Amino acid sequence: MKNTGKIAVLALMVLALSGLVPACSAKGGTSTRYSSGGFAVREAMSAEAQEDSLAGGDTGADAGSGGASAGVSRKLIRNADIRIRVNSLEDADKAVAAALEQHKGYAAYSDVYDNSRRYTLKIPSASYDRVLTGLAGLGKVLSSSERVEDATLQFYDLEGRLRTKEELLKTFQSYLGQAKTIDEIMTVEKRITELQQEIEWTGSQLSGLAHLVDYATIELNLLGPVSDSPAYKPGVGERIGELFRSFGDYASTALVALAGIVIYGVPSLAVLLLLFWLLFGRIGLLRKAWRLVMGKREGPKTPEG
């Protein structure tokens, strides 16, 4: 079906170049006549649009079936995350290295701590299940999860677009030799440059997706025995340093307290002394008021007899 469409497009292009039939613009839906022998830049654009339409339709039909068509394999991206408690981190490290060497995988990321390890392993998809089963046997599995993403449609769509753009690039490169004016040359060269950039970008996307399909990802977290996590014991130098730091904290606290006494204690004491002098001292306002009240309660004294 796809080859038949291509042949029909090429036949229309040949007829259009010979001036026998009007060239059709697939994008605009209108027909435009060209003089016999003139360079058909717009025929190239029309051919590109028809080629994109045919390639896109075939790709969508193949990939949209979800891999059910004969000859179409499913493209799956597989990821796993597993946490394992092991008896010996050294033995577990050796087992991981041996598995990578045996199955032609590699560690994309590794982080080593005192009593734990964390790896990001890239494993060929064909060996994914075997490697995951082997890792689970290293110790006690604390947690595990798996994710599978179906990238079949995206993969074949990118593959079809890349193939189409490569064919269009060859077509436009052939048109470049037929250009007769500066405008025609510049138009075709501009489109060739755009196609080269699109091919590079699409090819990069396809390569990245193919790598994710070909290599499964396993996030591996190894934890050592709980007893192998000794309590931290500072050395002599750290203890002396801690002593000086403690003394410094004590001295700074004492200085702050002394400053507080000077700033707030002295004025407060002066206010208290003033109040005592007014109420109970020489002036004795409170004492005099008390005597006055007590004198009124006793009443006036009467003379004897």
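Can you work out which of the residues in the stretch 77-100 that are among the charged types (D, E, K, R) and under 29 Å from the mean Cα position of the chain (by Cα) is surrounded by the fewest Cβ atoms within 10 Å (Cβ to Cβ)? Quick ask: steps written out before the conclusion?
We begin by selecting, within the stretch 77-100, every residue among the charged types (D, E, K, R); these are 78, 81, 83, 85, 90-91, 93-94.
If we keep only those that are under 29 Å from the mean Cα position of the chain (by Cα) too, we end up with 78, 81, 83, 85, 93.
Details: 78: 19, 81: 14, 83: 18, 85: 16, 93: 16.
For the stretch 77-100, the residue satisfying everything is 81.
Give me a count of the residues in the stretch 124-140 that are at pLDDT below 95 and not in a helix (DSSP H, G or I).
Final tally of qualifying residues: 4.
In the stretch 179-210, what residues are surrounded by 15 or more Cβ atoms within 10 Å (Cβ to Cβ) and not in a helix (DSSP H, G or I)?
Passing the criteria: only 179.
Of all residues in the stretch 94-126, which are of a type in the set (Asp, Glu) and touching a residue at least 40 places away in the same chain (Cβ under 8 Å)? If you could, list the steps in order and put the result at the bottom.
First, pick out the residues of the stretch 94-126 that are of a type in the set (Asp, Glu): 101, 111, 114.
Result: 114, single match.
The values are calculated or read from the model by the stated rules, or taken from the named source; none is laboratory data. Keep in mind that this is a model prediction, so the values were computed, not measured. Quick reminder, even Gly has a Cβ in these numbers, built from the backbone with ideal geometry, and neighbours come from all protein chains shown.
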